[in-house]
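Q: Quick one: this structure, given as structure tokens, is what I'll be asking you about.
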Amino acid sequence: MSIVETVSPLRQTLCVASLCASCLALLLSFPLWSHAADVRDAEAIPHLDRGGQEGYRAFLAARQHRAFAIAPGGTWFWMGEGSAADAVAEDTLQLCENDSGRACLLYAVDDKVVFDAQAWSRMWGPYLNREAVGRAQVGNALGQRFFDLAFSDAAGKKLNLAAWRGKVVVLHFWGSWCPPCRHEIPELQRLQKALGKTANIRLVTMQVRESHPAAMRWLQQQGFRLPVYDSGAQDSSSDTFSLADGKTVHDRYIAPVFPTTYVLDKHGIVVFANHGPVAHWAQYLPLLRDVAKRSGK
């Protein structure tokens, strides 16, 4: 195979689904994309940014056999000039997952869209209807209602996550003492700028194992301006978060590593999670807008 192209914006990402090799024959037998997308329409591919669309057009121009795989958040990978369609499809999936550290899904093989929309929705958290939302358990797993954290804004006003129902929340836990967290801050700044005054998507960052003034002091020294809410942590020994009902939860239960980020839909349901720093937050904009558009139903 003489052509391999890949973009892998994430490392150490929570993988939530995979596609077994035994499913490939079924995928190749008929298109599964519910909207019968034109294989030439790069803009129909979910979560793909402009760079990914250009990569897809290069995939279309390559000689058969070829396959194009995607993952939530904008990761994409393709291979071409394979000896057989099923072999290149299997290799594309495997290499996509090996390179990105995440589960991938085939979008197209040769000149046919084989995208499974139902499998895609399960990969990053299904949109729950109102009845299912009411039954959702509290937790931090996909499909669960995130803990109703209690915290304060910069002025000391008491807040809790449930007050932001109706908005998509990008919830980020970080510390200025944490090298990977510091490295990611410029990306979060760019995300905040890209979101601008988007009313239905809110970036919420909270400090861990240090005081709010300490976190803000580092941001100011570096020239960053981010919405940092006070988690209540005071120093390196502060290892719990307070909940609105007065209980507490250990910070490592919520964030196995620092930084950790969750995307909550408009019902407070976890639809995406990432443990570790994100290299290119801008590639998540299509995902966030998709959540904002579809989770309000």
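The values are calculated or read from the model by the stated rules, or taken from the named source; none is laboratory data. Not measured: the values here are computed from a predicted model. In this analysis, Cβ positions are derived from the backbone assuming ideal geometry, glycine residues included, and neighbour counts consider all displayed protein chains.
Q: Please go through the range 93-118 and give me each residue that is touching a Phe, Trp or Tyr at 6+ places or on another chain (Cβ under 9 Å), surrounded by fewer than 18 Cβ atoms within 10 Å (Cβ to Cβ) and charged (D, E, K, R), ordered by number.
A: 99, 112
Q: Could you please find all residues in the range 219-231 being part of a helix (DSSP H, G or I) and surrounded by 17 or more Cβ atoms within 10 Å (Cβ to Cβ)?
A: Passing the criteria: only 219.
Q: Mind checking which residues of the range 43-61 are surrounded by fewer than 20 Cβ atoms within 10 Å (Cβ to Cβ), more than 10 Å from residue 108 (Cα to Cα) and aliphatic (A, V, I, L, M)?
A: 44, 58, 61
Q: Looking at the range 256-297 only, could you name the residues that are of a type outside the set (Val, Ile, Thr), more than 11 Å from the chain's Cα centre (by Cα), modelled with pLDDT of 85 or more and farther than 24 Å from residue 160 by Cβ?
A: 276, 277, 289
Q: From 245, 235, which residue is out of contact with any strand residue (DSSP E or B) (no Cβ under 7 Å at 6 or more places or on another chain), within 26 Å of residue 138 (Cα to Cα) and in a loop (DSSP other than H, G, I, E, B)?
A: Numbers: 235 fails: within 26 Å of residue 138 (Cα to Cα).
245 is the lone residue from the list that is out of contact with any strand residue (DSSP E or B) (no Cβ under 7 Å at 6 or more places or on another chain), within 26 Å of residue 138 (Cα to Cα) and in a loop (DSSP other than H, G, I, E, B).
Q: Something else now. Would you mention how many residues in the range 129-145 are in contact with a Gly (Cβ under 8 Å, 6 or more places away or on another chain) and either loosely packed, with under 12 Cβ neighbours inside 10 Å or closer than 10 Å to residue 271 by Cα (or both)?
A: 3
Q: Related question: Quickly run through the range 232-275 and pick out the residues that are under 19 Å from residue 179 (Cβ atoms), surrounded by 16 or more Cβ atoms within 10 Å (Cβ to Cβ) and aliphatic (A, V, I, L, M).
A: Listed by number, the residues that qualify are 233, 255.
Q: Across the range 37-66, what is the number of residues that are more than 25 Å from residue 294 (Cα to Cα) and within 20 Å of the chain's Cα centre (by Cα)?
A: 0
Q: Now for a separate question. Specify which of the listed residues (13, 75) is crowded, with 22+ Cβ neighbours inside 10 Å, at pLDDT 75 or above and either of a type outside the set (A, V, I, L, M) or in contact with a Lys or Arg (Cβ under 7 Å, 6 or more places away or on another chain) (or both).
A: Details: 13 fails: at pLDDT 75 or above.
Criteria check complete, one pass: 75.
Yes/no per residue for (1) in contact with a Ser or Thr (Cβ under 9 Å, 6 or more places away or on another chain); (2) at pLDDT below 90; (3) under 24 Å from residue 261 (Cα atoms); (4) among the basic types (Lys, Arg):
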position: 108; (1), (2), (3), (4): no, no, no, no
position: 121; (1), (2), (3), (4): no, yes, yes, no
position: 125; (1), (2), (3), (4): no, yes, yes, no
position: 130; (1), (2), (3), (4): no, yes, no, yes
position: 143; (1), (2), (3), (4): no, yes, yes, no
position: 156; (1), (2), (3), (4): no, no, yes, no
position: 161; (1), (2), (3), (4): no, no, yes, no
position: 165; (1), (2), (3), (4): no, no, yes, yes
position: 170; (1), (2), (3), (4): yes, no, yes, no
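Q: Continuing with this model, one more query. Applying the selection to the range 78-92, what residues are closer than 28 Å to residue 281 by Cβ and either surrounded by fewer than 24 Cβ atoms within 10 Å (Cβ to Cβ) or touching a Lys or Arg at 6+ places or on another chain (Cβ under 8 Å) (or both)?
A: Initial filter on the range 78-92 (closer than 28 Å to residue 281 by Cβ): 78-79, 92.
The answer is 78, 79.
Q: Take the conditions at pLDDT below 95, hydrophobic (A, V, I, L, M, F, W, C) and surrounded by 15 or more Cβ atoms within 10 Å (Cβ to Cβ) and apply them to residue 203. Does it pass?
A: So residue 203 fails the test.
This table checks each residue for (1) more than 20 Å from the chain's Cα centre (by Cα); (2) assigned by TED's automatic domain parsing to the domain that holds residue 284; (3) of a type outside the set (Gly, Ala, Ser).
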| site | (1), (2), (3) |
| --- | --- |
| 104 | no, no, yes |
| 109 | yes, no, yes |
| 114 | yes, no, yes |
| 150 | yes, yes, no |
